[in-house]
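Colleague: Quick one: the structure is below, questions incoming.
The values are calculated or read from the model by the stated rules, or taken from the named source; none is laboratory data. Here the structure is a predicted model, which means the values were calculated and not measured. Methodologically, a virtual Cβ is constructed for each residue, glycine included, from the backbone with ideal geometry; neighbour enumeration extends over all protein chains shown. Heads up: the accessible areas ignore ligands, DNA and RNA and are worked out on the full protein's heavy atoms, side chains in. Shrake-Rupley method; radii C 1.70, N 1.55, O 1.52, S 1.80 Å.
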Amino acid sequence: QMPMINVIEPGVQPTVQDLGRPMHQINGFPASGAMDQTALQVANLLVGNSPYAAALEFSLTGPTLRFMATTFIALTGAEFNAQLNGQPVKGYRCVQVHTGDILKIGPAIRGRIGYLAVAGGLHLPLVLDSRSTTLRLKLGGMDGRALVSGDRLPIEAKPTLVSYYHRHAPMPELPDLKTPVKISVLKGPQWEKFDEKDHERFLSGTYTVTNQSDRMGYRLKGDAMQTKQESMLSAATVMGGLQVPANGEPIVLMADRQTTGGYPLLAVVATADLSKLVQCRPKQQIKFELIELNAAQELLKQQQQNLKELRHRIKMARYQMPYGITREASQRIQRLFKE
């Protein structure tokens, strides 16, 4: 009998996601996976998982869950006033939970998408090499759907974890509705098909994330592009591609995007800025800034370096005081003292 997490309240569209199934786009399946891949990777790192482990993703309001085993969790992505048995829980930090504990994540204070990683990952079946949920294909995750009250997610009991006290990471800067967010973009494959006035319009204008934003794409409102486009042959899509449909208002393609599209791609969001864009909630204003490929590669290298350093710091911390929760008996004694 596997231990479980029981879903008391689901929050807003919680789904099981990992790093997606990019290798199956060639067969027409959306890549899916985490919207904010950096936040997911940090969450997994904090609880000692592989980067590919499956976690819970939720938007604007997180679920309330009951844990039916001792394990370790980490909450990343958006900022929440989460509570464990009524006590505040910090994000970007590894936290131990015990059988019967209730975690209430609640509404996001800043940012949009949150992640909850559990030590050992969520034990759901692999579908096309991934546990990610693609809602419109009813594929992967929990029977291909969002979680509902009463669902039970299989996990494994993890009584100990080395470097426990050192498993924390800095909270990233999250978008703030008061100030426009700067997002770096590269020229898209159809950049030259738009005339200069449109380039100008796009780079000097301010765009607003609309309510028509989901895991497929974020629709932006702003100065519409005027250049009339001839119909195009379908081409492969990428996460962060800015498609310009007939109405001239860009859509940023997200994790559940179709694998091909026939709209011109004016620009592509630099990979290192995808997390920032994903965390923009409706009404958030955005300004786009054009950068060169080598600058975008540098930003990405820096981001990967930060993850590598975090992994290294946690690994080395096993030899540093305090040593953390590595023995079951001493833990029990610790809890008795607390009680």
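Colleague: Taking all protein chains together and a probe of 1.4 Å, list SER213, SER204 from the most accessible to the least accessible.
Modeller: If we order SER213, SER204 from most to least accessible, we get SER204, SER213.
Colleague: Any chance you could tell me what percent of the C-alpha pair distances in the stretch 156-202 go past 13 Å?
Modeller: 77
Colleague: Between ILE105, ILE26, ILE183, where does the largest GNM mean-square fluctuation fall for the chain, given springs only between Cα atoms within less than 10 Å?
Modeller: Among ILE105, ILE26, ILE183, the largest mean-square fluctuation in the Gaussian network model of the chain belongs to ILE26.
Colleague: Rounded to two decimal places and with Rh computed the Kirkwood way over Cα pairs, what is Rg over Rh for the stretch 88-168?
Modeller: 0.98
Colleague: If you don't mind, another one. Past 27 Å, Cα to Cα, is the threshold; run LYS104/LYS276; LYS178/LYS301; LYS158/LYS308 against it and keep the listed order.
Modeller: Exceeds cut-off: LYS178/LYS301.
Colleague: Across 10 Å bins from the origin, how do the percents of Cα pairs in the stretch 219-312 run, short distances first?
Modeller: The distribution over the stretch 219-312 is 14, 41, 33, 10, 3, 0, given as percents.
Colleague: Okay, moving on. How big is the shadow of the Cα convex hull of the chain, averaged over all directions, in nm²?
Modeller: Computing the convex hull of the Cα atoms and averaging its projections yields 17.9 nm².
Colleague: Using θ = phi - 60° and the Karplus relation 6.51 cos²θ - 1.76 cosθ + 1.60, list the HN-Hα couplings for the stretch 283-288 in order, rounded to whole Hz, with x at every Gly or Pro.
Modeller: 3J(HN,Hα) across the stretch 283-288, in whole Hz: 6, 5, 8, 10, 10, 9.
Colleague: Tell me, what are the semi-axes, in whole angstrom and largest first, of the equivalent ellipsoid of the stretch 69-121 as set by the roots of 5 times the Cα gyration tensor eigenvalues?
Modeller: 18, 13, 8
Colleague: Turning to a different aspect of this structure: In 10 Å bins starting at 0, how do the alpha-carbon pair distances of the stretch 261-305 split up by percent?
Modeller: Going out from 0 Å in 10 Å bins, the stretch 261-305 shows 22, 47, 30, 2 percent.
Colleague: In deg cm²/dmol, rounded to 500, what helix-only [θ] at 222 nm does the chain give when every DSSP H run of at least 4 residues adds -39500 (n - 2.57) and the total is split over its residues?
Modeller: -5500 deg cm²/dmol
Colleague: From largest to smallest, what semi-axes in whole angstrom does the stretch 121-266 give when each is the square root of 5 times an eigenvalue of its alpha carbon gyration tensor?
Modeller: 37, 22, 14
Colleague: Cα-based Rg of the stretch 1-158 per 2.2 N^0.38 Å, rounded to two decimals?
Modeller: Normalised by 2.2 N^0.38 Å, the Cα Rg of the stretch 1-158 equals 0.94.
Colleague: May I pose another question? In whole angstrom, note down how far apart the Cα centers of the stretch 204-244 and the stretch 143-161 are.
Modeller: Going from one Cα centre to the other spans 35 Å.
Colleague: Return, for the Cα atoms of the stretch 1-55, the radius of gyration and Dmax in Å, separated by a comma.
Modeller: 13.4, 38
Colleague: FRET efficiency for ALA295 and GLU192, Cβ-Cβ distance as r, R0 = 25 Å, nearest 0.05?
Modeller: Plugging the Cβ-Cβ distance into 1/(1 + (r/R0)^6) gives 0.80.
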